[in-house]
Amino acid sequence: MKREEIRVCILRVGGTNCDAETQTAFEALNVQAEVLHVNEVVKRRSLLDYDALVFPGGFSFGDYVRAGAIWAKWILVKLGKELKAFVEEGRPILGICNGFQVLVEAGLLPAFEGIAQYPEAALATNHPPGYNCRWIYIKHENSGKCIFTRKIPKGKVLHMPVAHSEGRFLLPKEKEQRDLAKLYENDQLVFRYCTSDGKYADGKFPINPNGSFHDIVGICNPEGTVFGLMPHPERAFFWWQQPDWTSQMLMPHHGDGKLIFESLIDYLEKKF
Amino acid sequence: MKYHLKVEVGLKPGHSDPEGETTSRLLRELGYKVDRVNVSKVYNVILEASSRQEALTKAEEMCKRLLANPTKDNYIIIVEEEK
């Protein structure tokens, strides 16, 4: 598939607020990216018209019930069959922040045995509590399964912002260690919170900004085609989005988030 | 028949409750001898059902499908006839 032919659908509902930045990031890489309200897809389109799908950040449905829960159940009711076909065909789905919460609540992540009927993980209230908006460091842990990070060497430390109040990744207590082992065995663990020199946060705030179990930042499904993370790669795409750009003599040409978009596009160019 | 479902969703034991911890800290500052605060959410659902048992079954379904995340949440359901 040629790059100019790639069509990305960025879904939105009431409360989504990172759709425009995500679209700008894709367009900067010469990919067609369309922001669509879910109702628009239901009435006039099909998800299968697109090569990749993004659930962007925001506060869908006011974060009522639990962050991401209402959007997740709603999309399963309205577009469940299309969404399942999309995943089964290996078309990529990215969930950023609220989008990650949606993917977990919809059973698309971690999806140990395929799409789960009920959530197998949770993104709970931050510990310490409150909305946390800061730049953090994350270490790439994936060995090549996740198609969204194939351009990032394992062990590389990236710099990105988080902005959420429900980002504490949890596995069920009764099978916490077993499920963690599965994440490693299936190469589903993608990023962990760390210091600027790559030491794991070990739960310490603010290096781990939300108290996530095992410093988990983001995971993918066993096939590596569905990926969710709490930080915002679209807000770390251009060099001028970085927090210290005015004080630096030499800035890189892009922010670290760009690597995630490039990896996705590279996968689509080669696979389809 | 209309039924009133009172569905209380709270955290399972062993999961930390940052909202409860913060609240209990402040209650202690206010002079109360508070050991612990657990925060839960209550949904009052008015539902049409043919029997109390059916209303309870529907409430359990609602919890599994939307109101609770089994990874971290427990729930308690009370069913009453709606007057």
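Bear in mind these aren't lab numbers, they're just calculated from the coordinates by the rules spelled out. Predicted, not measured: the structure shown is a model, and the values here were computed from it. Cβ placement follows ideal geometry from the backbone for every residue including glycine, while neighbour counts extend to all protein chains displayed.
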Worksheet item: Loop-only check: which chymotrypsin sites (Phe, Trp or Tyr not before Pro) in the stretch A:1-80 are DSSP coil with at most 14 other Cβ within 10 angstrom?
Response: A:Y64
Worksheet item: Under a Cβ-Cβ cut-off of 14 Å, what is the net charge of the residues other than A:F272 that fall near it, where Lys and Arg count +1 and Asp and Glu count -1?
Response: -1
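Please give the direction-averaged projected area of the C-alpha convex hull for the protein assembly as shown, in square nanometres with one decimal.
20.8
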Fill in: Residues A:K43, A:K151, A:K145, B:K2 arranged by fewest to most Cβ contacts within 10 Å
A:K43, B:K2, A:K151, A:K145
Worksheet item: Which parts of the stretch A:86-116 would a label at A:K270 reach, counting a residue when its backbone N lies under 16 Å from a point 7 Å out along Cα-to-Cβ?
Response: A:91-92
Practice prompt. Just round it to a whole percent: the fraction of Cα-Cα distances in the stretch A:145-251 exceeding 20 Å.
Written response: 45
Worksheet item: Between the DSSP loop rule and a limit of at most 11 other Cβ atoms within 10 Å, which GluC sites (Glu not before Pro) in the stretch A:140-233 are left?
Response: none
Discussion item. Just want to confirm a number: the relative contact order over the stretch A:57-134, from Cα pairs under 8 angstrom separated by 6+ residues, in percent.
Written reply: 26
Discussion item. Given a 10 angstrom Cα cut-off, can you work out which residue in A:L123, A:L11, A:L79 is the most mobile in a GNM of chain A?
Written reply: A:L79
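Calculate the FRET efficiency for A:L180 and A:Q117 from the Cβ-Cβ distance with a Förster distance of 25 Å, rounded to the nearest 0.05.
Efficiency computed from Cβ-Cβ geometry: 0.70.
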Worksheet, complete the sentence: Each label sits 7 Å from Cα toward the beta-carbon; between B:K41 and B:R25 the label points are separated, in nm, by 2.3
Worksheet item: With each pseudo-label sitting 7 Å past Cα toward Cβ, what's the B:E8-A:F205 distance in nm, one decimal?
Response: 2.7
Practice prompt. Please give the calculated 222 nm ellipticity per residue for chain A, where each DSSP H segment of at least 4 residues contributes -39500 (n - 2.57) and the sum is spread over every residue; nearest 500 deg cm²/dmol?
Written response: -8000 deg cm²/dmol
Discussion item. Over all directions, the average projected area of the alpha-carbon convex hull for the stretch B:2-81 comes to how many nm²?
Written reply: 6.2
Fill in: Share, in percent, of DSSP beta bridges within the protein assembly as shown that are antiparallel, nearest 5
70
Discussion item. Taking loop as defined by DSSP and a crowding limit of 15 other beta carbons within 10 Å, which trypsin sites (Lys or Arg not before Pro) in the stretch A:194-272 fit?
Written reply: A:K199, A:K204
Practice prompt. Once you've got the GNM for chain A with C-alpha springs shorter than 10 Å, pick whichever of A:Q248, A:Q101, A:Q23 has the biggest mean-square fluctuation.
Written response: A:Q248
